[in-house]
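The values are calculated or read from the model by the stated rules, or taken from the named source; none is laboratory data. Quick caveat, the model's predicted, so the values are computed rather than measured. Counting neighbours? That spans all protein chains shown, and the Cβs are built from the backbone with ideal geometry, glycine included. These area figures cover heavy atoms from the full protein model, side chains too; ligands, DNA and RNA do not enter into them. Shrake-Rupley method; radii C 1.70, N 1.55, O 1.52, S 1.80 Å.
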Amino acid sequence: MLPEQCDVVVVGAGNAAMCAALAAREHGAEVVVLERAPEDEAGGNTRFTAGAIRFAYDGLEDLRALMPDLSADEIARTDFGAYTEDQFFDDMARVTENRADPDLVELLVRRSKATLMWLRGKGFRFVPIYGRQAFKVNNRFKFWGGLTVEAWGGGPGLVEAHCKAAAANGIRIFYEARALSLLHDDDGVKGLTLRYQGKTQTIHCRAVVLAAGGFESNPEWRTRYLGPGWDLAKVRGTRFNTGDGIRMALDIGASPRGNWSGCHAVGWDRNAPEFGDLAVGDGFQKHSYPWGIMINANGERFVDEGADFRNYTYAKYGAVILRQPGQFAWQIFDKKVTHLLRDEYRIRQVTKVTANTLVELAGKLDDVNPKRALETIEQYNAAVRTDIPFDPNVKDGRRTEGLPVPKSNWANTIDQPPFEAYAVSCGITFTFGGLRITTEGQVVDTDGRPIPGLYAAGELVGGLFYFNYPGGTGLMSGAVFGRIAGNSAGRNAKPV
Ligand SMILES: Cc1cc2nc3c(=O)[nH]c(=O)nc-3n(C[C@H](O)[C@H](O)[C@H](O)COP(=O)(O)OP(=O)(O)OC[C@H]3O[C@@H](n4cnc5c(N)ncnc54)[C@H](O)[C@@H]3O)c2cc1C
């Protein structure tokens, strides 16, 4: 039975929401979680992730504290390095072109390790990401991109851990419960209306935490805010993040914040379905483009595939692909690098062609000008500085010379058959624009005043990400700001 009242209502059941629920519960508050999706589709984008989480650590001892079951053998064969708070700050500043709100970044970075340890204390497990974030050099794995751990069991494992922790802590989750609007007067938010089991109902409460994701699954809002063409993007994750949480808050005077015309979007299989498929998870992504080249329908390269490590370019290259004629591109590799391709290249649902000559390959690329494609590959091959050694673990400076679109690192000639090509389109992950919050997680109104009783966390918070995003930060920001919002909501909502 859905209660008529409680202390804290959390909207959404993704990572941000569930962290908020756990934190609010620590204050003794009675917490109810409303999830719009049916149980078998619940967990939002969180469930679609690989569970990769970016956090600042000073070295092996920090990792051992988070992952006590790290074996002696793993430690012996791995260079985990460090990812310091300063590096995390630098990455956030660099990829967001210094736009990210410094107060929010301060919280994100400085609380990243403590928040993961808090989750660990609640039974969550983490493991090193060997497959995607470390390459073997001289028989030792070396982590290269500041992204070293993932939740055990990936996104599905993380959601399962959240559900277990919620049950253990007396937090009730109601599925197919869609929050519709906030009950609000001059003193702040007092509850909300929702549709549950086909009926519109009301819950009264002392605090609401909105953690209902962005508006990436709403083609009308995408076109309205991201711009023309974004209606044509495929959605990588849940179909339920249509901007409800943002709209509910704006309707009562909340202040919008952040990069409303920006989003996280990646290269995603050209024939992937309209929304994410939980059976495939993030497998439709194609993130090994730094080892090859991408060409568009005109048969031309259009972006520096090796501008930076994948973790710092993948989230903005989806938009670049969307701007190409027909909104697609082909990624091309030769035999020298196919062993480096990520596991997502080996899934069954992949749009792939192979060929033994470049002429044959160019002819097999659907919807591409074959003559120009061949010329592009030949010009690219001639421009590669083969005198510089290739090293996937560092920005190796092995580049092209004299091309209108350079490749700055990892430029390998494409000349050893068999050749492989993969067709990608733009897959949107989540939107960057959202609500303005205080450092306590309170939603702020358009006059700059916190709205009593209203808190927010996760994708629907604006001000953190602009233009781009360092991989693995979505889950970390959801956890940090979910915990902050839940703490504030629980503290303020607890009956005295
Ligand atoms: C394929 C894919 C791979 C990714 N990989 C990673 C990764 O490895 N690492 C990383 O850090 N990030 C990754 N991300 C990004 C990450 O998923 C998000 O940043 C993060 O999960 C957002 O958490 P959230 O809790 O804010 O939103 P979500 O997890 O999306 O949760 C929002 C919830 O709100 C619910 N909801 C919506 N409207 C309502 C309503 N009206 N009433 C009630 N409930 C509602 C939704 O059903 C959903 O469950 C990935 C995303 C995708 C799609």
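Things to note:
- When the alpha carbon gyration tensor of the stretch 82-181 is reduced to an equivalent ellipsoid, its three semi-axes come out at 29, 22, 13 angstrom, largest first.
- Nearest-10 value in Å² for the accessible area of residue 399, using the 1.4 Å probe: 90 Å²
- Taking the Kirkwood radius as Rh and the Cα radius of gyration as Rg, the chain has a ratio of Rg/Rh equal to 0.99.
- Largest to smallest principal axis extent of the C-alpha atoms in the stretch 12-92, angstrom: 44, 28, 27
- Proximal charge balance of residue 191 [Cβ under 14 Å; K/R count +1, D/E count -1]: -3
- Close amide H pairs (under 5 Å, H built 1.01 Å from N) link residue 445 with 255, 451, residues at least 5 positions away or on another chain.
- Debye-sum result for the stretch 252-392 in log10 I(q)/I(0), which assumes one identical scatterer on each alpha carbon, at q = 0.11 Å⁻¹: -0.46
- Reciprocal of mean inverse Cα separation for the stretch 377-496 (Kirkwood radius, Å): 18.8 Å
- Here's the list of lysines a cross-link from residue 286 could span, going by alpha-carbon distance under 24 Å and ignoring same-chain residues fewer than 8 apart: 136, 142, 234, 316, 335, 336, 352, 364, 395, 407.
- The stretch between residue 354 and residue 103 holds 85.4 nm of extra length on full extension. This uses 0.36 nm per residue minus the Cα-Cα distance.
- About the Cα centre, charge dipole magnitude for the chain (Lys/Arg +1, Asp/Glu -1 at Cβ), debye: 380 debye
- Whole-number D in µm²/s for the stretch 422-461 (Stokes-Einstein; Kirkwood sum over Cα pairs; 10 °C, 1.306 mPa s): 133 µm²/s
- Within the stretch 1-59, chymotrypsin sites (Phe, Trp or Tyr not before Pro) in DSSP loop having at most 10 other beta-carbon neighbours inside 10 Å: none
- Accessible area of the chain belonging to carbon and sulfur atoms, whole % at 1.4 Å probe: 48 percent
- Net charge contributed by nearby residues that have their C-beta within less than 13 Å of residue 301 (K/R +1, D/E -1): -3
- Rounded to the nearest angstrom and listed largest first, the equivalent-ellipsoid semi-axes of the stretch 245-318 from its Cα gyration tensor are 31, 18, 12.
- Over the stretch 425-496 - Rg/Rh using Cα atoms and the Kirkwood inverse-distance radius: 1.04
- Net charge of Cβ neighbours under 10 Å - reference residue 89; Lys, Arg +1; Asp, Glu -1: -3
- Residue 205 accessible area, 1.4 Å probe, all protein chains in place, Å² to nearest 10: 10 Å²
- Accessible surface, the chain, averaged per residue in Å² (probe 1.4 Å): 38 Å²
- When the surface is traced with a 1.4 Å probe over the full set of protein chains, residue 142 keeps roughly 70 Å² accessible.
- Both numbers refer to the Cα atoms of the stretch 202-246; Rg and Dmax are 13.2, 41 Å.
- Across every pair of non-identical alpha carbons in the stretch 321-458, the mean reciprocal distance, once inverted, gives a Kirkwood radius of 18.5 Å.
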